[in-house]
Structures are given as structure tokens and as C-alpha cells.
1. Residue 45 is checked against (1) among the hydrophobic types (A, V, I, L, M, F, W, C); (2) in contact with a Phe, Trp or Tyr (Cβ under 7 Å, 6 or more places away or on another chain); (3) at pLDDT 95 or above; (4) open to solvent by less than 10 Å² (accessible area, probe 1.4 Å) and fails just one. What number does that condition carry?
2. So which strands (runs of 3 or more DSSP E) are wholly in the range 105-198 and hold at least 1 residues that are touching an Asp or Glu at 6+ places or on another chain (Cβ under 7 Å) and under 23 Å from residue 325 (Cα atoms)?
3. Restricting to the range 220-261, count the residues that are over 30 Å from residue 329 (Cα atoms), surrounded by fewer than 18 Cβ atoms within 10 Å (Cβ to Cβ) and aliphatic (A, V, I, L, M).
4. Pull out all pairs, ordered by first then second residue, where Cβ-Cβ is under 9 Å, the residues are six or more apart or on different chains, the first lies in the range 236-251 and is in contact (Cβ under 8 Å) with a residue 40 or more places away in the chain and of a type in the set (Val, Ile, Thr), and the second is in a loop (DSSP other than H, G, I, E, B) and open to solvent by less than 90 Å² (accessible area, probe 1.4 Å).
5. Taking residue 25 and the conditions (1) within 30 Å of residue 227 (Cβ to Cβ); (2) among the small types (Gly, Ala, Ser); (3) buried (at least 16 other Cβ atoms within 10 Å of the Cβ), which numbered condition does it fall short on, given that it satisfies the others?
6. Among the residues of the range 291-312 satisfying the criterion of being assigned to a helix (DSSP H, G or I) and free of Cβ contacts under 8 Å to residues at least 12 places away in the same chain, which is least open to solvent (accessible area, probe 1.4 Å)?
7. When only residues in the range 275-290 that are assigned to a helix (DSSP H, G or I) and touching a helix residue (DSSP H, G or I) at 6+ places or on another chain (Cβ under 7 Å) count, which is most open to solvent (accessible area, probe 1.4 Å)?
8. Name the single residue, out of those in the range 313-345 being under 18 Å from residue 105 (Cα atoms) and not in a strand (DSSP E or B), that is most open to solvent (accessible area, probe 1.4 Å).
Amino acid sequence: MRVLGIMSGTSADGVDLVLAEFAGGPRDLAHRVLAHLEVPYPEALRQRVLRAMREATTREIALLYHDLGRFYAQAVRAFQGQAELVGLSGQTVWHEPPWATFQLGEAAHLAEALKVPVVYGFRASDLAAGGQGAPLVAYPDLLPFGEEGLRQSVHNLGGISNFTFFVGKDPATLLALDTGPGVCLFDEAAQALGLTPEAATDLAEKGKVDREALSAWLAHPYFAKPPPKTTGREVWRLEHLHPLPQEPATLLKTLLAFTAESALMAYERFVGPVDRVLLAGGGARNRVLVGLLAERLPVSLLPNPKVREPLAFALLAYLHAQGQVNVLGRATGGRDIRAGMRVEPG
């Protein structure tokens with residue numbers, strides 16, 4: 001079955017689409033990636049998404065819900081006639097487990113555009129089953145990337161940093177959690193300074209880490225919580241960090257060190273030694289952040305770091321269509337469930 005996976009991450013920079021072909025079930029899964037496409041949000045749309053994470057009115061959110069669905073419908077035109085099914089993550093604008101998780105993007109627009117079923121609402125399904133609504137990609141990480149004899153993790157450096165750890169191909173060893181901020185704080189600072197991500201990375205490379213600020217930030221109570229645990233951009237904002245370095249290069253370098261150190265703490269507290277850490281997500285392209293992690297972890301990059309999450313949502317939809325469990329409770333804190341809702345074209 002050919003499935004199109006659509007992922008909009010907490011970095012809120014656009015949408016990644018992966019067309020993949022799947023065969024078999026969880027025990028004998030075969031897959032191959034057929035195509036990958038990145039479609040950035042127009043700046044006006046991105047600003048509306050960011051506003052929805054903070055202070056948008058009910059009307060603004062309602063309009064954005066449908067406008068994002070229409071945007072996705074336009075983005076998938078390149079795959080017209082190629083996909084038999086779609087797995088949609090939606091754009092998360094609020095994530096506060098166990099009370100709420102909220103994703104924008106009306107799936108019906110996609111179903112009408114491609115004339116195929118769309119599976120969506122994965123996070124809401126898991127939340128209702130007692131889970132955190134994240135991380136959803138743990139089982140889809142294990143199935144294609146598990147390798148006998150290896151203690152490894154797939155680590156996503158998106159707006160939020162999260163990893164899935166497993167030994168070999170054994171689901172019983174699976175551990176997944178959000179380690180804290182990914183590149184959301186760095187991106188926020190770069191935008192405030194009027195810098196592109198590339199220019200901000202160049203500047204951070206010249207900066208020094210403010211150890212006093214870093215120590216204060218690492219005292220946040222989230223880091224001491226045991227898994228399963230998840231977090232979001234509503235927690236990690238520059239306005240919540242004190243003290244905040246004023247010198248730009250120092251600020252940017254310290255923010256990247258914060259992401260790296262909080263991730264390293266999670267490995268030390270909850271995982272122990274690892275043989276391999278596969279990096280994914282947009283932050284895997286940040287050489288300063290990757291360098292900080294590589295000082296203490298055996299990191300390597302997935303061939304295309306942006307493929308991992310949309311591929312995971314394609315697999316979630318595929319398993320849903322097969323009537324299979326697609327979200328494991330040991331990752332999210334809930335029950336093992338067949339997560340997702342399905343909308344058919346009219």
C-alpha cells in the first residue's frame with residue numbers, strides 16, 4: 001500500500017510529506033520511501049500559526065484550522081493519483097497532557113483533494129486512552145530502525161527534542177520521551193534578532209556558553225520528571241527563561257547548549273549507554289547543536305533527517321488501515337491502541 005505521511009512540527013516552519021510503500025505487518029514489515037517533499041509555510045501563515053500558540057481568538061483559530069487544511073490540500077497535489085491513504089499529524093498549537101492536545105488542519109480538505117481516506121487525530125485518540133498524546137512515533141521508529149544486538153535511539157531535534165530508545169527489535173525495551181526544548185528557543189531568538197537560522201548558527205559558533213544561565217534553566221522541574229512525559233512550546237519560550245543573556249552570540253550558543261545538556265541528562269537518567277543515536281529533524285542540520293551532542297553520544301545522521309516523522313505518520317496510518325495497534329502505551333503512558341480517526345472523501 002502506498003501511503004502519504006504529512007508532518008507539521010513544533011518548529012512551525014512548514015510541512016514535510018513522504019510517500020512510502022508498505023507491505024506486511026508489524027513482525028514482517030517491509031517499506032521503502034518513494035518521495036519526499038518539503039513545503040514551507042508562507043510567512044503570513046506561519047505567523048498565524050505562531051499566534052495560535054499564544055493569543056489567537058476563537059475566530060482566528062477556526063479560520064486557521066481550515067486554512068491549514070487547504071494549505072495541506074495544495075501541498076499534496078504533487079502526489080495526486082499516487083497515494084492510497086494519507087496519515088496527517090496536524091499542526092500542534094497546544095499540548096498540555098493529560099488535559100488537552102490540539103492540532104490544526106481540517107483533514108476533510110485533504111480527503112477531497114486526493115480522493116482517498118485520511119487518518120488523523122492520533123494524539124487525541126491516545127490522550128483519551130490515558131496517554132500523553134506523544135511521542136507517537138516510538139513504535140514506527142522501532143519497526144524500521146530496530147537492529148538486533150544494538151542499544152540505539154532515534155532522536156528527533158525538532159522544535160521539541162524527543163527520542164525513542166530500544167534494544168534490537170524488542171517492543172518490551174522501548175522507551176520514548178520528550179527531553180525538553182529542541183530548536184524552538186534558538187529559532188525564537190534568531191527571529192527576534194532578525195537572523196536566518198543559518199546566520200544564527202554562524203553567530204552561535206562564535207559564542208560562549210553562559211554557565212550561570214544554563215544551570216538555572218536546567219533546574220526546571222520538567223527534567224526531573226520520570227517518563228512517560230511530553231512537553232511543548234507553551235512551556236519553552238524565551239520569556240520563561242531567567243536569567244537571559246543579552247549578548248547575541250552568547251544567547252544563541254547557550255540556547256543550543258541547553259537543548260544538548262537537557263537531552264544528555266535524559267540519556268544519563270533514563271537510558272544509560274547507547275551504541276548508536278540516529279539524529280533526525282530540522283535541528284539535525286544545526287552543526288553547533290550536533291557537535292555538542294557528539295561530544296558525549298555516538299551520533300550519526302539519518303540519510304534525510306526530515307523524512308523520519310512524516311514516514312512515521314504514514315506508518316501509523318498504514319497500521320490503522322490494517323486494523324493493527326499503532327501506538328504503544330509504554331511510550332505514551334496509556335494503553336496499546338489503534339489510534340486515529342478516518343475521514344473518507346465525499
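1. That leaves (4) as the condition not met.
2. On the way: elements: 118-120, 151-157, 160-167, 175-181.
Per the criteria, 151-157, 160-167.
3. Initial filter on the range 220-261 (over 30 Å from residue 329 (Cα atoms)): 238-257.
Now narrow it down to the ones that are surrounded by fewer than 18 Cβ atoms within 10 Å (Cβ to Cβ): 238-240, 242-244, 246-247, 249.
Checking which are aliphatic (A, V, I, L, M) leaves us with 238, 244, 249.
Within the range 220-261, residues that are over 30 Å from residue 329 (Cα atoms), surrounded by fewer than 18 Cβ atoms within 10 Å (Cβ to Cβ) and aliphatic (A, V, I, L, M) number 3.
4. Taking only residues 6 or more apart or on different chains, the pairs are 250/207; 250/209; 250/210.
5. It fails just one condition, (3).
6. The initial filter retains those residues of the range 291-312 that are assigned to a helix (DSSP H, G or I), namely 291-294, 308-312.
Still in the running and free of Cβ contacts under 8 Å to residues at least 12 places away in the same chain: 291, 294.
Details: 291: 32, 294: 52 Å².
Checking each candidate, the answer is 291.
7. Filtering the range 275-290 for residues that are assigned to a helix (DSSP H, G or I) and touching a helix residue (DSSP H, G or I) at 6+ places or on another chain (Cβ under 7 Å), the one most open to solvent (accessible area, probe 1.4 Å) comes out as 287.
8. Start the filter on the range 313-345 by keeping residues that are under 18 Å from residue 105 (Cα atoms), which leaves 313-314, 316-317, 339-345.
Filter once more, so that each one left must be not in a strand (DSSP E or B): 313-314, 316-317, 339-340, 344-345.
Values: 313: 3, 314: 0, 316: 0, 317: 0, 339: 0, 340: 16, 344: 102, 345: 37 Å².
Only one residue fits best here, namely 344.
The values are calculated or read from the model by the stated rules, or taken from the named source; none is laboratory data. Model, not experiment: these values are computed from the prediction. All Cβ positions, glycine included, derive from the backbone under ideal geometry; neighbour counts span all protein chains shown. All accessible areas refer to the heavy atoms of the entire protein, side chains included, with ligands and DNA or RNA removed. Shrake-Rupley method; radii C 1.70, N 1.55, O 1.52, S 1.80 Å.
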